[in-house]
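First comes the structure, then the notes that go with it.
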Amino acid sequence: MTMTLNIFLMFLIMVGGVWVFCSKRKHLLATLLSLEFIVLSLFLFLFIMLNLYECELYFSMVFLTFSVCEGALGLAILVSMIRTHGSDYFQAFSMLQC
């Protein structure tokens, strides 16, 4: 019963992250935070499933490594966008400018 409840709660958390990702598209920081929220819920789901079937947890470590790299890449893009355009607001810059 508790495992089903945990999986259902993680599914709701992931749906909330997807909803924020789709609705808050004006600022890059909000979209990056919602993506990290989705990745975190996927990691917890993967961790519980691997523990449930008594598998080894090496794949969860690989997934966590890739999610950290994704977060670092997102922060690098955010910093470069703020340095070049002054804010993380998507309407503040045009793709046609160099």
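Mind counting the residues in region 58-89 that are in contact (Cβ under 8 Å) with a residue 12 or more places away in the chain and of a type in the set (A, V, I, L, M)?
Initially, region 58-89 is screened for residues in contact (Cβ under 8 Å) with a residue 12 or more places away in the chain, giving 59-60, 63-64, 67, 70-71, 74-75, 77-78, 81, 88-89.
Subset that is of a type in the set (A, V, I, L, M): 64, 75, 77-78, 81.
Qualifying residue count, region 58-89: 5.
Given the structure, is HIS27 in contact (Cβ under 8 Å) with a residue 60 or more places away in the chain and not charged (D, E, K, R)? When the stated conditions are applied, HIS27 passes them. Any residue at all in region 77-94 that is surrounded by 13 or more Cβ atoms within 10 Å (Cβ to Cβ), closer than 20 Å to MET10 by Cβ and among the aromatic types (Phe, Trp, Tyr)? Within region 77-94 (the criterion being surrounded by 13 or more Cβ atoms within 10 Å (Cβ to Cβ), closer than 20 Å to MET10 by Cβ and among the aromatic types (Phe, Trp, Tyr)), the answer is no, since none of the residues qualifies.
Where a number appears in this text, it was derived from the coordinates with a stated rule and is not lab data. Because the structure is a prediction, the values reported are computed rather than measured. Please note: Cβ atoms are built from the backbone with ideal geometry, for glycine as well, and neighbour counts cover all protein chains shown.
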